[in-house]
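The values are calculated or read from the model by the stated rules, or taken from the named source; none is laboratory data. Computed from a prediction, not measured in an experiment: that's the story for all the values here. Every residue, glycine as well, gets a Cβ built from its backbone with ideal geometry; the counts of neighbours run over all protein chains shown. Ligands, DNA and RNA are excluded from the accessible area calculation, which covers all protein heavy atoms including side chains. Shrake-Rupley method; radii C 1.70, N 1.55, O 1.52, S 1.80 Å.
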Amino acid sequence: MKRSLHQTIAGVAVLTAAVLATSSCGFGSKSSSDNGPNNLNLLVPAYSDGPHGTKALWEGILKGFHDQNPDITVNLQVESWDTINDVVRTDLQSTSSTPDVLNIDAYSSFAGDKMLYPASDIVSDSVLADIQPGFKQNATMDGTQWALPLFASTRTLFYNTDLLTRAGVTTPPKTWADLTDAAKKVEALGGGVSGYGLPLGSEETQGETSIWTFGAGGNWSADGKVTVDTPENLTGVRAMKSLADAGVTQPNPGATDRKDVLNAFIQGKIGMIEGLPPLIGMIADKNPGLKYATAPSPTESGQPVTLGVADHLMAFKKDGSKQAAIKKLLDYFYAPDAYTNFVKSEHFIPITVSGLTALADDPVTKAFAATLPAAKFYPSNNPKWAAAQGAIKQQLGTITQGADPADVLKKIQQAAN
């Protein structure tokens, strides 16, 4: 869900260095005396930036946790989604630099390598019971839940009502043919306006791609195997290429990250994009006068389907000495007050029953919770998915630069095998 997504929240406390050590260079520099059972290293991605973004939210949570647990120190490391996978790969080369708790999207390769605590070892039974069943299943592999869903996000079409009206588009597109037609009409307005924002840079290519492959009836897994090179997925990727070839997207879509497309939409420079829940807060913060609406994601047939994403928290077992401290931290995080404040501030969808109840009147929850029944998820519980996802990020954008979609999918499939 990458992810320079910003929405302010008032009253977040900032920790002093004596309470919280924040590092951008990993945990390996900590002395061995700092690595006892009550010293935890927490590595998280930045979902939002700025003085009230993800870092400040975690600092506020950890301040409250430290007040209740003064004997436990949590060292926070916040990385961008552009770099966090590389940081994780580097940190895992040594036990001393491996984080104790990690927030990231895929967990299955770590679980397959027996590196993680089972979820039942790191939170109370009441927390596990509060997680919605579908998300619990998505965090389960071989009958054991290995990760804790953090929150959920789905995608839906955001469209600039002013631009579409000026272009003569009276209803939001339902099919890819409708989308292409509308994008051409918006592009024809000129003035530096693009019809559709197609982010196929390396930031989160798998997100945009999934919307199109799912829209063709495709999937990323079947019968326990990662499935990339399928006729349905090829149809979706070819449809993306056709849109780019039609010249109705932003310039150089194969090298454009999602955050740039979101910002361009907020500035009124793009007619339509696939957006996430935090986009509502970003618009309210950066351009509250923007006139926009949302509609189901267009598909090949017009039958709604969308991408659902659930990022995860997981805990590395290492020598097992930090289980008690980890459990206290995660129980504190998933308590309704801390958890719902975090989810609401980041503008995502809660994955707990209590969270959905508490945020029932939140604009994001009201707008996006209804999309969950039409959502398909990444196969996060398949250890091969991490390799496939990495290959998609590296390879998929080349279809807008002349690469053949069939050849690209074959290369990605090879990486996943």
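What is the gain in length, in nm to one decimal, between Gln93 and Asp121 on full extension, counting 0.36 nm per residue of separation less the C-alpha to C-alpha distance?
7.7 nm
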Rounded, prolate or oblate: which fits the chain, taking a ≥ b ≥ c as square roots of the Cα gyration tensor eigenvalues, rounded meaning a/c under 1.5, else prolate when a/b beats b/c?
prolate
Cα gyration tensor of region 67-217 diagonalised, 5x eigenvalues square-rooted, in angstrom largest first, produces semi-axes 42, 19, 16
What lysines does Lys322 reach when the alpha-carbon gap must be under 26 Å and sequence neighbours fewer than 8 apart in one chain are set aside?
Lys30, Lys55, Lys63, Lys114, Lys136
Quickly work out the Asn69-to-Ala246 label distance, labels modelled 7 Å from Cα along the C-beta direction, and quote it in nm with one decimal.
5.3 nm
Reach of Lys184 by Cα under 18 Å, taken over lysines that are not fewer than 8 positions away in the same chain
Lys174, Lys241, Lys269
Along the Cα→Cβ direction, 7 angstrom out, place labels at Asp319 and Thr294. What is the inter-label distance in nm?
4.8 nm
Note: Ala367 to Asp142 extended length (0.36 nm per residue) minus current alpha-carbon separation gives 77.6 nm
Which percent, nearest 5, of DSSP beta bridges in the chain are antiparallel?
60 percent
Scoring only Lys, Arg, Asp and Glu (+1, +1, -1, -1) among other residues with Cβ under 12 Å from the Cβ of Thr398 yields +1
Classify region 215-282 from the C-alpha gyration tensor, please: rounded if a/c falls under 1.5, else prolate or oblate depending on whether a/b exceeds b/c.
oblate
The answer for the chain, accessible area per residue at 1.4 Å probe in Å², is 38 Å²
What length, rounded to one decimal in nm, is gained on full extension from Lys286 through to Ala177, with 0.36 nm per residue of separation minus their alpha-carbon distance?
36.1 nm
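How much of the accessible area of the chain, probe 1.4 Å, is carbon plus sulfur, in whole percent?
Looking at the chain in its full context, I get 50 percent from C and S.
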